[in-house]
Amino acid sequence: MKLKQGMMLLIAGGAVAGAIALAQAFNEPKYQAAPKGEITLEYWSWVPKMEEQAALFTKQYPNIKVKVVNVGAGQSGTYPKLQTAIKAGTGAPDVAQVEFGYIPFFASTGGLADLTKYLPSDAKNYFVPWTWSQVSQGKAVYGIPQDQGPFAMIYRKDIFDKYKIAVPTTWNEYEAAGKKLFEASGGKVKIGNFFSTFAPWFTALAWANGAQFWKLNTDGSYTQTLNSAAAKQVANYWGRLLEKKYVSTLGAFSADFWNAVSKGEVATSMEAAWGTGSFAGSLEKNPGVGAEYRVAPLPQWKKGGTASGNWGGSTAVVTTQSKNPEAAALFAYWLMSSKASVVQGWKGAGVFPAASAGLDLPELSDKTSNPSKFFDGQNVAAVYKEAGKGVNTRFQWSPWAPTVDASFQKQMDLAVNGKQSFADALDNWQAETLTKAKADGYNVK
Amino acid sequence: MTQEPMTLPVAVTRPVKPAVKRNSPWLAVVMVLALMYFLLPLYWVLVSITKDNSQLNTTFGLWFAQPWHLWENIVQLGTQDGGIFYRWMLNSFFYSFSSGALATMSAAMAGYAFSKFNFAGRGWIFSVILGTIMVPSTALTLPIFLLINNIGLANTPWAVILPQMVNPFGLYLMRVFWDNGFPTELIEAAKIDGASDWRIFWSMGLPLVRGGLITVFLFTFVAAWNNFFLPLVVLNNNEQFPLTLGLSVWNNTNTGRTPQYTMIILGALVSILPLLTAFFTLGRYWQGGLTTGATKG
């Protein structure tokens, strides 16, 4: 007996040790040789504490120093500055942070270097597949994926428990749950919220349903399809839930929205991986009475499916103005795929990695710190890791993709107020943005 | 009511007291409503700086919440990123003060030349300069960026100060002040007494157009203080940023961690304090400047 118990303990202990070893084995790439000589790179990034992360690179490659400049996020800083420098032909940094959706735009300016000749041929194997296809155009590679925002569902477990509703796994179940909640609470509790003012939110849900908004043809022209059957299915679905008053239309990130969530008036929200951090940061000290937040996979159109979409995520691009493109490419690659750097990115700024190995880091599920702490210790990173695997790799952006948001808001606003159907809203969105893209001189069919 | 003579210098006009005493209650109601409309955002700011993020999101926006986090926000504002906020504030002061002082001097001298000297092409050169007021500053950013880059001044304080030290509107304003505030007879008298042009300009003229100088300085100072795009494009070092740029960087740096918005709101409030002070202490020059163009020309 005693011996057997001891054996069991040993086996169990061995299994635990094995599991730990497995979790800690970080599949780091074999990096290309670093160029010689004293080199200083300039890097524009809005990731907090990026200086510390870049310093890790210099520790590894002492002859390459990195000067980090934070000129502010995307359109409110880095992009106009980068655009000006590219247009002027001078003043661009060696490396810059650019979001996935803006890669085609900056690639079309001719300001981004093709990294294929600087990177080892197996580089793509170290990143979540869909993120790599986002930085590729044909054979060219215009950036190294940094982070991602695959979609899952944040929900209030306490509300589902109270009304004895199972957590929905399909959109049908989601609608049924919405109906049950609506009836049981007298209309007070909505199953979710439709973010009618955020095109990227809708895009992620359509993406999860297989919609492909843009396509780069072999002749260099683009095809835009914002109103495909898949996209309309998503729009009509939310339109119906809205009409039946199962969901609300509060502004994303607005005080109204957070208030409704903490008061238990909204039971779920479809959120990107970084949304868990927003929830923790915004509601940590006032989560609501008895609130228990959890994350579940995105509800599916086909039972048993694992599809997801994405909102957000950045890359590091190398500019054609860089005098040291080899060093710049090595830096970008190392920064996004080495263990030390990915860990620092997560600890310093909550960067949810695009590097596959990064998703298994135990640091991501540390229960004593956010976001896991806010979700009562749930391993939320594991849910989002799976979500990332389900993101369709074929989704592409166009150079004018970032400009379609205003038209989306306008058309959705009309639909939400009953002035047109949700299907019409998508048709008008497609027509309006197509006209504008053509007027701006883009080759689009 | 007697009509004031048209030639009275602007700097000494005083508001005329209304002859009829108004005490319409409706007017008062409308004015109070307008006042509330304008002060409400500021009030929201004052309430918000006493909160933390969760309180900002989940408590009533126009009233205070317990416990207070004002001190915490003040401390964090001073320590975030190694206390860089006050560095940005100093930068803003330096850029705005230098731009303001240099713009005032250049406007005063050029305005004097246009007002007091007769030279060939005076009329059309002045028109061309006035015309540049119509060119939006965003259209000039790329050429300015190229110029600055080519002469090697990018990433230095000069890149921010130089483009802002010429102010065509200020030049126009100064010309009006010279025309009306410094009679040409005075110059002739001084010349007879043997004074140099420089001495006439510096010792006699400038004190007489003090109102104009302060107005131009204020306008340029405020424009430089609020400028965002120029420093964004020409500066590549967080240590050199002015407040506008720095606060924007903080406000938009949201990856997986939410920034402390109430601390940033406090920073925004602190950033307008110098402007408020300038406005309240020098307000009368401000008014003078706004109406100068309307009555004299």
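Couple of notes before you dig in:
- Each residue in the stretch A:344-364 was checked for being within 9 Å of chain B (Cβ to nearest Cβ) and in contact with a Lys or Arg (Cβ under 8 Å, 6 or more places away or on another chain), and 3 pass.
- Residue in the stretch A:375-389 that is closer than 18 Å to A:Pro129 by Cα and among the basic types (Lys, Arg) present: yes
- Look at the stretch A:183-201: where a residue is under 17 Å from A:Trp429 (Cα atoms) and in contact (Cβ under 8 Å) with a residue 60 or more places away in the chain, no partner that is of a type in the set (Asp, Glu) and part of a loop (DSSP other than H, G, I, E, B) sits 6+ places away or on another chain with Cβ atoms under 7 Å.
- Candidates A:Thr84, A:Thr116, A:Thr90: the one that is surrounded by fewer than 24 Cβ atoms within 10 Å (Cβ to Cβ), without any contact (Cβ under 8 Å) to a residue 40 or more places away in the chain, within 14 Å of another protein chain (Cβ to nearest Cβ) and not charged (D, E, K, R) is A:Thr84.
- Selection count, the stretch B:160-186, where residues are among the hydrophobic types (A, V, I, L, M, F, W, C) and surrounded by fewer than 18 Cβ atoms within 10 Å (Cβ to Cβ): 2
- When residues of the stretch A:131-166 are limited to those that are in contact with a helix residue (DSSP H, G or I) (Cβ under 6 Å, 6 or more places away or on another chain) and part of a loop (DSSP other than H, G, I, E, B), the one farthest from A:Ala382 (Cα to Cα): A:Tyr142
- Identity of the residue in the stretch B:142-181, among the aromatic types (Phe, Trp, Tyr) and out of contact with any Ser or Thr (no Cβ under 8 Å at 6 or more places or on another chain), that ends up farthest from B:Phe93 (Cα to Cα): B:Tyr172
- Residues of the stretch A:119-178 that are β-branched (Val, Ile, Thr) and within 21 Å of A:Lys215 (Cβ to Cβ): A:Thr131, A:Val135, A:Val141.
- Residue that is farthest from A:Gly72 (Cα to Cα), among those in the stretch B:194-241 that are modelled with pLDDT of 90 or more and of a type in the set (D, E, K, R): B:Arg199
- Within the stretch A:177-190, one or more residues are part of a loop (DSSP other than H, G, I, E, B) and buried (at least 20 other Cβ atoms within 10 Å of the Cβ).
- Only listed residue being under 23 Å from the mean Cα position of the chain (by Cα), within 20 Å of A:Lys157 (Cα to Cα) and at pLDDT below 95, chosen from A:Ala260, A:Ala273, A:Ala267, A:Ala255: A:Ala273
- Residues in the stretch A:97-130 that are assigned to a loop (DSSP other than H, G, I, E, B) and out of contact with any Phe, Trp or Tyr (no Cβ under 9 Å at 6 or more places or on another chain): A:Thr109, A:Gly110, A:Gly111, A:Thr116, A:Lys117, A:Ser121, A:Asp122, A:Val128.
- Just one residue in the set B:Ala154, B:Ala101, B:Ala139, B:Ala107 is surrounded by 15 or more Cβ atoms within 10 Å (Cβ to Cβ) and within 14 Å of chain A (Cβ to nearest Cβ); that residue is B:Ala154.
- The condition (being in contact with a helix residue (DSSP H, G or I) (Cβ under 7 Å, 6 or more places away or on another chain) and closer than 30 Å to B:Glu239 by Cβ) is satisfied by just one residue among B:Phe169, B:Phe182, B:Phe217, B:Phe201: B:Phe217.
- Selection status of B:Leu218, within 14 Å of chain A (Cβ to nearest Cβ), part of a helix (DSSP H, G or I) and surrounded by 16 or more Cβ atoms within 10 Å (Cβ to Cβ): no
- From the options A:Thr276, A:Thr320, A:Thr306, residue that is within 14 Å of another protein chain (Cβ to nearest Cβ), among the hydroxyl-bearing types (Ser, Thr, Tyr) and either touching a strand residue (DSSP E or B) at 6+ places or on another chain (Cβ under 8 Å) or surrounded by 24 or more Cβ atoms within 10 Å (Cβ to Cβ) (or both): A:Thr276
- Residues (surrounded by fewer than 24 Cβ atoms within 10 Å (Cβ to Cβ), within 13 Å of chain B (Cβ to nearest Cβ) and touching a residue at least 40 places away in the same chain (Cβ under 8 Å)) located in the stretch A:48-81: A:Pro48, A:Lys49, A:Glu52, A:Gln75
- Taking (1) closer than 22 Å to B:Met165 by Cα; (2) within 14 Å of another protein chain (Cβ to nearest Cβ) in turn, B:Met134 satisfies each apart from (2).
- Test: residue in the stretch A:185-192 that is out of contact with any Leu (no Cβ under 8 Å at 6 or more places or on another chain) and among the hydrophobic types (A, V, I, L, M, F, W, C): no
- Residues of the stretch B:57-96 that turn out to be of a type outside the set (Phe, Trp, Tyr) and under 20 Å from B:Leu40 (Cα atoms), as a count: 7
- Residue match in the stretch A:250-258 (condition: under 26 Å from A:Pro353 (Cα atoms), surrounded by fewer than 20 Cβ atoms within 10 Å (Cβ to Cβ), in contact (Cβ under 8 Å) with a residue 12 or more places away in the chain and of a type in the set (A, V, I, L, M, F, W, C)): yes
- Here B:Gln55 qualifies as surrounded by 13 or more Cβ atoms within 10 Å (Cβ to Cβ) and either at pLDDT 80 or above or outside any helix (DSSP H, G or I) (or both).
- Residues (assigned by TED's automatic domain parsing to the domain that holds A:Ser121, within 26 Å of the chain's Cα centre (by Cα) and assigned to a loop (DSSP other than H, G, I, E, B)) located in the stretch A:29-76: A:Ser45, A:Trp46, A:Val47, A:Pro48, A:Lys49, A:Asn70, A:Val71, A:Gly72, A:Ala73
The values are calculated or read from the model by the stated rules, or taken from the named source; none is laboratory data. Since we're looking at a predicted model, the values are computed, not measured. Positions of Cβ are backbone-derived with ideal geometry, glycine not excepted, and every protein chain shown enters the neighbour counts.
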